[in-house]
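The values are calculated or read from the model by the stated rules, or taken from the named source; none is laboratory data. In this text the structure is predicted, and so the values were computed from the model without any measurement. Positions of Cβ are backbone-derived with ideal geometry, glycine not excepted, and every protein chain shown enters the neighbour counts. What goes into the accessible areas is simple: the full protein's heavy atoms, side chains included, and nothing from ligands, DNA or RNA. Shrake-Rupley method; radii C 1.70, N 1.55, O 1.52, S 1.80 Å.
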Amino acid sequence: MISISTLVATTKSQAVSLRRGAIAHSSCKIDIDLYAAIGNCYTAVVSRPLALVSLGLLVCASAFAQIFDVELRGTWFKRGDDWCVRIEVPAPRVSMDRLRIEARDVNTSEPLRFHIDARGSRRRAAIIELRFAIENPRDVSLYIRGLDIRDSSGRELVYNPQLIVPPPPGEAAEYPRAPAPGSAFRGPAGGAAPPEPPPTFSGQGAPPPVPFNAPTITNPSRSLAASDTTPPPKKDGNAQIDIPQFPFPPPRYSTAEKVPRNLLVTGNSNPRLKDVEASLTKAFERCGYGDKSFYAVPDGFAMASRLEQINADGTPGAERWSLDVTPVRRFSVRDYLKALFEARPGHYRVVVFVVTNHPFKQKDATVKSKEASAWVREGMNTLPREIGDREFSNDYVCTALIYEFKSVGGGEATFVEPSELTARDHLERSGLLAALQPPPM
Amino acid sequence: MIRRRKRANRPNDEDRIDLDRARNRLVLVWGIGAFAVVILVIIQSIIGRFEGFVQEFWGWFTPTIFPTLGLMFGVLGSTAFEDDEGRTVKKFFFIAAMVMSIGYLVVLLITLLLEPLAGTHDMKYFNLANYWLAPVQALVVAAVGALFNSRKKTS
């Protein structure tokens, strides 16, 4: 039985014995009377009501105070015919893998539709650009979640997710603007500083592309709304759909394979992305992939499959959509002994087709199986028309990304890199490659 | 009727068994059972059946066997130098402990052997098995403990 009051810590060297305030040297042990220590603290605090009141105030103040390491900055600017908001995150290391943004009109509290036009970094700040489907800029309240901001030493920084961006002077929407609390621009100083004017560019009325450093940029000249290969976007509801973004460049994949163009569009002289989507969807259906999900990538789309259980050779597992490893269903002595003495890891796979005309390399980040399995339910159920109507020009490439996971011991499945199979093996054994083949004439 | 009378009238010593003999039999049963189970588990571990969760598995498996074995060997060791001649224990306890021990070891072995056929697998399955192994083990330990501590000096 160990008594707290006689907690003894032994040291190799000379030790000190503390007992009721007395400090005495003894041989090789520190003897701390905790009761005495607690009693002393209790007396010191309780006998001083002022100290208690101060402590209470301190606790209340710390509870109500919101201290942020990073304040986001936002500015309106115009790109082509559309109004955009540029969000600047002044931090050296920003991850946007789980970025989620909600936008509301401050005056009407109505949600505003937008899509993320670009992500990247400039100098020591990360940049996010949102393209809004509105005629005039206005006070917009942004709620930004999912940013992972760290300083140069890797310490996670707390940021203010709420950002209110006022319109540039003279460009406000026509409705009477009621002064909203906290509607002032929140600059780095936290005061009501005027917003940064949109950057001006020589030779053009519209802002030129922002010189991002990261390869994640969407070149504005090739953006969804301003592409030279597609007709100008219609100003209807479908033209400005808020579609979830697939991480781009994509996180590390187990293996990848370029899908031949002739498998995606056959006999179509002017193919569009929706034709590619139709081919992929048909192949998915033929192979039994019930669920799929669409995401936007720069100038294209990504289509993610559901997480499926596979055998070690890449063929679909007996219980394909179950996350549990399949037990021995048909009893045979050989299978039983194999299952009894050999490890039975679970193999899982997610196939993502990325169709874009932007070359990419994999990002130095891995996905967890839970994240990959969430892809199928967090994307769009269909490909938005504004993406589908884009021309599938020769510079477009469809890449099949294979994300493979393996679980042992009933724990969470971990990412497999590299896969023991090639992407072609995966596509062949899942049946997708055969399903993409055009029917014989 | 005759048999009942005979049983009722038989000497009291017939209801008891020599303590050393009872202990030795129990230790023999536990030794054989534990040997079979431990060898199976060792082979599985060497071949790689528990790849990725060896530590968790042995953390689960060790308390299923070794505390009871430890109890037995502890008592045997402590009484090794004593003269236990004439000490007896009730036969009922001995039989009960023997049946429960055999039952427990069989259940443990079956638990390990049926894992490939189970709906859950790996540590999920073994943790599930605690639901039936733990109560049985508690009864076995109680019975073995009672047996190893019960004694009667015959006059």
Within the stretch A:130-164, the residues that are surrounded by 14 or more Cβ atoms within 10 Å (Cβ to Cβ) and among the aromatic types (Phe, Trp, Tyr) are A:132, A:159
Take the conditions more than 24 Å from the chain's Cα centre (by Cα) and either over 18 Å from residue A:258 (Cβ atoms) or surrounded by fewer than 15 Cβ atoms within 10 Å (Cβ to Cβ) (or both) and apply them to residue A:359. Does it pass? no
If you go through the stretch A:281-290 one residue at a time, do you hit one that is within 14 Å of another protein chain (Cβ to nearest Cβ), open to solvent by less than 40 Å² (accessible area, probe 1.4 Å), part of a loop (DSSP other than H, G, I, E, B) and touching a residue at least 24 places away in the same chain (Cβ under 8 Å)? no
Residue pairs qualifying under the 6 Å Cβ cut-off, at least six apart or on distinct chains, with the first in the stretch A:339-350 being more than 8 Å from chain B (Cβ to nearest Cβ) and the second being in a helix (DSSP H, G or I), are A:350/A:372
Just one listed residue, out of B:59, B:70, is within 14 Å of another protein chain (Cβ to nearest Cβ) and under 21 Å from the mean Cα position of the chain (by Cα), and it is B:59
Just a yes or no: is a residue in the stretch A:397-406 in contact with a helix residue (DSSP H, G or I) (Cβ under 6 Å, 6 or more places away or on another chain), within 14 Å of chain B (Cβ to nearest Cβ) and on the phi < 0 side of the Ramachandran plot? yes
Given (1) of a type in the set (Ser, Thr, Tyr); (2) modelled with pLDDT of 80 or more; (3) more than 17 Å from residue B:44 (Cα to Cα), residue B:79 misses just (2)
**Prompt:** Residue check: is residue A:302 assigned to a loop (DSSP other than H, G, I, E, B) and of a type in the set (A, V, I, L, M, F, W, C)?
**Reply:** no
Residue match in the stretch B:82-99 (condition: hydroxyl-bearing (Ser, Thr, Tyr), away from chain A (no Cβ under 14 Å) and in contact with a Lys or Arg (Cβ under 8 Å, 6 or more places away or on another chain)): yes
Kindly indicate whether residue B:94 is under 28 Å from residue B:124 (Cα atoms), open to solvent by less than 20 Å² (accessible area, probe 1.4 Å) and in contact with a helix residue (DSSP H, G or I) (Cβ under 6 Å, 6 or more places away or on another chain).
no
Taking the stretch A:98-119 and keeping only residues that are surrounded by fewer than 19 Cβ atoms within 10 Å (Cβ to Cβ) and not in a loop (DSSP other than H, G, I, E, B), one is left with A:100, A:102, A:104, A:105, A:111
Residues of the stretch B:100-117 being surrounded by fewer than 16 Cβ atoms within 10 Å (Cβ to Cβ) and either within 13 Å of chain A (Cβ to nearest Cβ) or more than 12 Å from the chain's Cα centre (by Cα) (or both), in sequence order, are B:109, B:110, B:113, B:114, B:117
Residues that are touching a strand residue (DSSP E or B) at 6+ places or on another chain (Cβ under 9 Å), open to solvent by less than 30 Å² (accessible area, probe 1.4 Å) and under 18 Å from residue A:243 (Cα atoms): does the stretch A:388-404 have at least one? yes
*Test residue A:370 against the criterion of being assigned by TED's automatic domain parsing to the domain that holds residue A:294, within 20 Å of the chain's Cα centre (by Cα) and open to solvent by 40 Å² or more (accessible area, probe 1.4 Å), and give yes or no.*
yes
Among residues of the stretch B:86-112 being outside any helix (DSSP H, G or I) and basic (Lys, Arg), the residue nearest to residue B:130 (Cα to Cα) is B:90
Expected single match for modelled with pLDDT of 90 or more, away from chain A (no Cβ under 14 Å), open to solvent by 60 Å² or more (accessible area, probe 1.4 Å) and part of a helix (DSSP H, G or I) among B:32, B:42 is B:32
Among residues of the stretch A:323-338 being of a type outside the set (D, E, K, R) and open to solvent by 30 Å² or more (accessible area, probe 1.4 Å), the residue nearest to the other protein chains (Cβ to nearest Cβ) is A:336
Of the residues in the stretch A:313-322, those that are touching a strand residue (DSSP E or B) at 6+ places or on another chain (Cβ under 8 Å) and either modelled with pLDDT of 85 or more or within 12 Å of chain B (Cβ to nearest Cβ) (or both) number 4
Of the residues in the stretch A:376-403, those that are aromatic (Phe, Trp, Tyr) and either at pLDDT below 90 or farther than 24 Å from residue A:426 by Cα (or both) come to A:392
Exactly one of B:23, B:49 is without any contact (Cβ under 8 Å) to a residue 40 or more places away in the chain, buried (at least 16 other Cβ atoms within 10 Å of the Cβ) and in contact with a Leu (Cβ under 9 Å, 6 or more places away or on another chain), and that one is B:49
Subset of the stretch B:52-78, residues in a loop (DSSP other than H, G, I, E, B) and open to solvent by 20 Å² or more (accessible area, probe 1.4 Å), comes to B:52
Report task. Would you be able to say whether some residue in the stretch A:302-311 is hydrophobic (A, V, I, L, M, F, W, C), under 29 Å from residue A:278 (Cα atoms) and open to solvent by 60 Å² or more (accessible area, probe 1.4 Å)? Result -> no
Note: among A:368, A:363, just one is in contact with a Pro (Cβ under 6 Å, 6 or more places away or on another chain), in contact (Cβ under 8 Å) with a residue 24 or more places away in the chain and either more than 9 Å from chain B (Cβ to nearest Cβ) or on the phi < 0 side of the Ramachandran plot (or both), namely A:363
| When you look at residue A:164, is it at pLDDT 80 or above and closer than 21 Å to residue A:363 by Cα, yes or no? | no
Exactly one of B:147, B:69, B:76, B:114 is among the aliphatic types (A, V, I, L, M) and in contact with a strand residue (DSSP E or B) (Cβ under 9 Å, 6 or more places away or on another chain), and that residue is B:147
Checked against (1) under 30 Å from residue A:323 (Cβ atoms); (2) in contact (Cβ under 8 Å) with a residue 12 or more places away in the chain, residue B:120 satisfies every condition except (2)
